[in-house]
Structure formats: C-alpha cells, structure tokens
Amino acid sequence: MESLLDTAKRAVTSSGKPQSSCPMLGSPAAIAARIAGVHDDGMAKDNQPYFTNNEANPWPDPTHCKNAGGIPLVSDTFLLQKQQTFNRSKNLERLVHPAGSGAFGTFTCTKDMSHLTKASIYKQDKETPIFIRFSTVTYGKEFPDSGRNPRGFAIKHYTEEGNYDLVGLNWPVFFCRDPIQGPDVIRSQQRNPANFLLDYNSLFDFLANVPESNHAGLMHFSNHGTPKGWRFQHGYGAHTFKWVNAEGKFVYVKYHYIADHGQKQMTWPEAVRMSGEDPDYAKRDLWETLEKGERPTWTLKVQIMQPEEANPPTLGFDPFDVTKVWPRGQFPMHEVGKLVVHTNPENYHRDVEQSAFSPGSLIPGIQESPDQLLQFRMFFYRDAQYHRLGVNLHQVPVNCPFMARSYSSLAYDGPLRADANTGGNKHYQPNSFDAPSKFSPDCAEAPYSVADNVVSRQSHAWSEGTLKEYDQARELYRRVMTDQARRDTHYNTAVVLKLVEHQIIQENYLSQLYCIAPEYARGVYELLPEKRFGFETVEAKAKEAPTRGKARKFRPHAENHKLVGKVAEFPTYQ
C-alpha cells in the first residue's frame with residue numbers, strides 16, 4: 001500500500017501540472033518527507049523571482065512604508081501584515097519542556113521483536129524515519145541549557161501505521177505517580193508567581209511532602225541533573241508499556257535508549273560557568289555536531305516482564321509505578337535497535353517549536369499499561385498541544401504522519417484546516433455508505449483485568465506510606481553511586497537548600513533523605529552554612545516522613561490496593 005506521501009505525489013502528478021518550486025506551497029507530507037530525509041523532493045530554499053506578501057502581491061520596497069508627509073498610513077497593508085505577523089510570530093510557549101532542540105534521524109530494528117509485538121517498527125531490519133526533541137523541562141526559554149533540571153527525550157516515529165511518539169526523560173523515574181499531582185511537580189520547580197524568582201522553597205517543600213518524589217529528587221541533585229549537552233545522556237521511556245503480538249498475547253516493557261557515545265555530566269561549578277559563558281551550549285553542541293556530519297547514536301534496549309510476573313508483593317516493587325525502576329538483575333536488557341540522529345531542522349520554528357508529542361500516539365502492537373500517570377498523560381499531552389497549536393497540528397510538516405499507509409481521519413474541521421478535511425466522507429458514523437471494512441477491529445486494545453471494580457479515591461500505590469517507598473532510592477545512593485557522586489550530590493543539594501527561607505521545609509526535606517539513608521541526610525546537613533536546628537530534629541521527623549502528605553483514609557490497606565494488569569480471565573471480544 002502507498003503512504004500518505006505517495007498519495008500526495010500521485011495527486012499532484014496526475015493533475016498534469018508541474019509541482020511548484022516554492023517551498024511555502026509544498027504539502028505537509030512532502031515537506032515532512034524532505035526534512036526527515038526520506039525523499040529529496042522540492043526545494044528547501046526560495047528561488048522565486050520577487051518578494052511578495054502572504055497573498056503573493058509583489059512587495060514594493062523593504063525600507064519605506066506608505067506615508068503622508070512621513071506619517072505612516074494604516075492603508076499600507078504590507079506594513080500592517082508584516083507587523084501583525086510579527087506580533088503573532090510565536091506560539092504559546094509550552095508549559096512543560098519549553099526550551100529545546102530537535103533533529104531528524106532513523107530508527108533501525110536490529111533484533112526482531114515480532115514474536116512479542118506486531119508493531120511494524122520492531123521487525124528485523126525495518127528502518128523508520130524519526131524526529132527527536134531534547135529539552136529542559138520546568139523552566140522557561142530564558143533558562144540556560146546547562147542549569148539543573150530534568151531533560152526531555154521525545155521521539156516521533158513516522159511509521160506505516162501512523163505516528164508513534166515515545167515521550168520520556170534522561171532519567172528512568174519521575175517525581176509523582178498520581179496524575180493529580182502532575183501540575184504540582186511542574187509548579188514547584190517553576191518561578192515564584194509573586195516575584196518571578198527561582199523558588200527553592202516550593203521545590204524542596206514539594207519533595208519534603210511527597211515521599212515517592214525523592215527517587216527522582218536524588219537524580220535531580222546528582223550530576224545527572226546537569227548533563228553535558230543533549231548528546232551525552234541516555235533516554236528512558238520511564239513508564240511501563242505493553243507490547244501485543246499478532247496472537248493478542250502481551251508483555252510489559254520498559255524502554256532504555258543507551259547513548260553509544262557514553263554519558264557525560266557537569267559538576268555544579270562547571271554547569272554554573274557554562275550557563276554564563278554559553279547559555280545555549282546544548283543547542284549549539286547538537287547543531288554543530290550534525291553540521292559537521294557526525295551522527296550521534298543510541299541503542300534501544302528493553303526490559304520485558306510477563307503479565308503474571310507483575311505482582312508488587314512478589315517483586316518487592318510496583319512495576320507500574322513511574323517513581324520506580326525494574327532492577328536489571330531481575331529483568332535484563334534486550335537489544336532492539338539503533339537510533340541515529342543525522343540532520344538538523346531546516347527551520348527552528350516550523351520543525352522544532354511546532355513539533356508536538358503525545359504518549360497517546362500509539363500504533364498497533366504498542367499499548368498503555370495500568371500506570372496511572374501514563375493513562376492520564378495520554379490525554380493531557382495532546383490537549384496541551386491542541387491549546388498551543390490548535391487541533392489541526394497534524395498539518396504542520398514535522399507532525400504529519402507522512403509514512404502512513406492510510407490517512408482518513410474522523411476528526412473534522414477546526415481552525416486552519418487545510419487538507420481534504422472530510423474527504424467526501426460522511427461527517428457522521430455509522431452510516432449506510434461507508435464499508436465496515438474501513439475500520440480496524442484487529443487493532444482494538446488487548447483486554448486486561450485491573451485490581452477491582454470500585455470507584456473511589458483509594459490509593460493503589462503499593463508502597464505508599466511505608467519505608468518500601470525508599471528502597472530503590474537507597475539502592476541508587478548506596479550501591480550505584482560512587483563516593484565522588486555522593487559527595488557531589490551532597491554539595492549540589494546543600495548549595496540550594498541553604499537558600500530555603502523556612503526552617504520547617506529544610507527539616508522535612510532532610511527527614512525524607514534520612515529515610516533513604518541517614519548518611520545522605522547527614523552529608524547534606526553538614527554542608528549547610530547555617531544550621532537552624534539540630535540533626536536530632538531530622539531523625540525525629542523521619543519517623544513520620546513516609547506518611548507525610550498521605551491522608552490515612554486513602555492509604556492502601558487491603559490486598560487489592562495495588563496496580564494490576566493481568567490477562568483477562570474471561571473472553572472479552574467475540
């Protein structure tokens with residue numbers, strides 16, 4: 001079957017008219033294919049004989065406006081359109097991941113996974129064009145690339161079955177697991193709304209009151225919070241996903257993109273210096289690397305878990321909790337393929353700023369797990385992009401599913417709709433005219449059973465309110481980190497914890513660290529230049545730290561209070 005790109009090209013050539021050489025008139029599919037390196041059709045640079053306005057009217061002069069005695073006239077439509085376009089030249093800034101870089105490349109499957117998933121991109125030797133965006137997460141575009149922050153790692157795969165987005169981080173864990181706390185994570189790391197200053201009070205207060213956040217908090221204040229640019233970092237899907245094969249059987253997986261060129265981090269003094277010398281260091285490094293013809297690569301590896309293994313009491317951790325990892329000793333890594341980044345975008349605004357990702361963009365063979373945060377991210381990421389770019393963002397070339405075998409959307413209209421829209425189809429379903437064969441029942445989600453059928457606000461986070469919350473962070477701190485990494489983490493934390501204005505926040509935060517490891521809390525405490533309380537206060541507060549912020553009414557207390565994603569016991573589909 002032909003792709004959307006092939007269909008567009010055929011429609012143009014069958015008209016008997018030559019394709020326009022004007023790059024602004026190219027179809028989104030054709031532009032997407034060119035900038036992704038799939039085809040070399042069209043021209044990237046303007047070769048037109050004269051300049052025009054948006055309506056193609058010839059532009060009279062670049063330096064003199066229409067005037068009366070030197071007074072500009074509102075009838076100068078060229079002047080007005082130029083200023084009006086400038087006034088509207090920036091989209092709404094992303095609320096999360098606002099500043100970053102993007103590039104095009106390919107993903108090639110090197111190990112056939114078709115026995116586990118029917119997703120076409122994971123078949124032996126299959127090559128898929130991709131767009132990748134790296135970013136800082138919580139601060140605005142004014143924030144330097146090298147500042148302490150999580151890093152976004154998002155990949156858009158242009159597949160035969162539509163676009164598939166993997167939206168992850170440079171860490172394997174996140175700061176919360178319940179989606180109701182998602183906005184609080186971001187707000188706690190943003191600027192103070194009263195004075196627009198970096199707000200360390202809110203950052204540490206959130207960590208102090210959300211016990212599960214301190215696994216990611218440990219990553220945040222380690223040197224992983226200041227990677228050396230975009231290139232020298234691993235990427236993680238973070239969430240647990242489900243792979244479904246052609247027989248409808250499924251397994252759970254975790255994604256790991258391992259940088260073949262290795263990880264590199266900056267120390268805090270190095271990051272501070274780089275933030276002043278070159279605030280755009282990460283963006284510049286990636287751009288110049290690709291311009292020189294170098295091709296950074298990552299190896300995709302996955303961990304695989306059978307659904308019957310996904311039981312927290314047996315495992316000792318919740319496999320669907322995004323604040324936890326799967327120990328590699330229990331679930332080893334399996335190579336899947338190679339990600340290669342090779343081409344800079346043609347235009348930052350069009351290709352990077354207007355790129356839009358959503359964990360809800362899934363293709364047959366890849367589905368969601370019971371992960372609470374993932375379930376809601378599948379909605380709100382797309383909704384955030386609709387607010388920012390509009391519901392027809394798929395018409396922007398970088399978002400166009402140009403490799404898809406079919407594109408016949410049942411979502412119609414909306415501002416700036418410029419494709420075939422309904423395409424002559426009926427604008428309602430079902431109807432008496434469309435063949436049932438145009439639908440794809442084989443792509444329906446694989447049924448699975450969950451913990452219970454009770455509607456409530458009951459927590460199903462297995463480790464909530466217990467010391468089990470800190471087990472993996474303790475393993476990271478004591479076994480994985482080197483002595484130097486621990487010393488750097490103590491310093492990185494103390495250098496900003498000292499700026500916290502409220503003693504109670506310092507006490508509560510250090511008590512969370514104490515639950516991870518007493519020596520962790522002590523290491524940070526001893527570096528505080530002003531000690532407003534004794535360490536015995538930290539020790540005392542650590543006793544109630546695991547339940548802090550967790551109302552007793554909603555804490556897990558029954559055997560079914562855990563996330564479950566079992567194979568359905570009874571037939572669901574006919």
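The values are calculated or read from the model by the stated rules, or taken from the named source; none is laboratory data. From a predicted model like this one, the values you see are computed outputs, not experimental measurements. Cβ placement follows ideal geometry from the backbone for every residue including glycine, while neighbour counts extend to all protein chains displayed. Quick note on the areas: whole protein, heavy atoms, side chains included, nothing else; ligands and nucleic acids left out. Shrake-Rupley method; radii C 1.70, N 1.55, O 1.52, S 1.80 Å.
The length gained on full extension between L92 and F379, counted as 0.36 nm times the residue separation minus their Cα-Cα distance, comes to 101.4 nm. One decimal place: the segment D112-F554 gains 154.7 nm when fully extended, by the rule 0.36 nm per residue minus the C-alpha distance.
Long-range amide H contacts for L95: which residues qualify at under 5 Å (H placed 1.01 Å from N, peptide plane, sequence gap of 5 or more or a different chain)? Under 5 Å from the amide H of L95 lies no amide H from a residue far enough along the sequence or on another chain. Positive end of the dipole of the chain (Cβ unit charges, origin at the Cα centre): among P72, G414, H394, the Cα lying farthest that way belongs to P72.
A dipole drawn for the chain from +1 and -1 charges on Cβ atoms has a positive end, and of Q303, M403, N53 the residue lying farthest that way is Q303.
Once the Cβ-Cβ distance of R405 and E247 is raised to the sixth power relative to R0 = 22 Å, the FRET efficiency obtained is 0.50.
For the chain, the solvent-accessible area of protein heavy atoms averages 49 Å² per residue (probe radius 1.4 Å; ligands and nucleic acids excluded).
Note on the range 287-331: with neighbouring protein chains present and a 1.4 Å probe, carbon and sulfur make up 44 percent of its accessible heavy-atom surface.
Name the shape class, rounded, prolate or oblate, that the alpha-carbon gyration tensor gives for the range 470-542, where a ≥ b ≥ c are the square roots of its eigenvalues, rounded holds for a/c under 1.5, and otherwise prolate holds if a/b is larger than b/c and oblate otherwise.
Oblate, since a/c reaches 1.5 and b/c is not below a/b.
What shape does the range 383-498 have by the C-alpha gyration tensor, where a ≥ b ≥ c are the square roots of the eigenvalues, rounded means a/c under 1.5, and otherwise prolate means a/b greater than b/c and oblate the rest? Judged from the Cα gyration tensor, the range 383-498 comes out prolate (a/c at least 1.5, a/b above b/c). Comparing Cα centroids, the range 487-549 and the range 297-349 end up 32 angstrom apart. Can you tell me the relative contact order of the chain? Whole percent, Cα pairs under 8 Å, sequence separation 6 or more. Reported relative contact order: 17 percent. Of the solvent-accessible surface of the range 430-574, computed with a 1.4 Å probe over protein heavy atoms with every protein chain present, carbon and sulfur atoms account for 54 percent.
Normalised by the number of residues in the range 172-287, the mean separation of alpha-carbon contacts (under 8 Å, six or more apart) gives a relative contact order of 24 percent.
Can you compute the FRET efficiency between Y573 and K468 using 1/(1 + (r/R0)^6), with r the Cβ-Cβ distance and R0 = 35 Å? Round to the nearest 0.05. The computed FRET efficiency comes out at 0.40.
The length gained by stretching the chain between R388 and K498 to full extension, at 0.36 nm per residue less their Cα-Cα distance, is 35.9 nm.
Given +1 at the Cβ of Lys and Arg, -1 at the Cβ of Asp and Glu and no other charges, the dipole of the chain around its Cα centre is 300 debye to the nearest 20. Here is how the number arises for the chain: DSSP H runs of 4 or more residues each give -39500 (n - 2.57), the sum is divided by the residue count, and the result at 222 nm is -7500 deg cm²/dmol.
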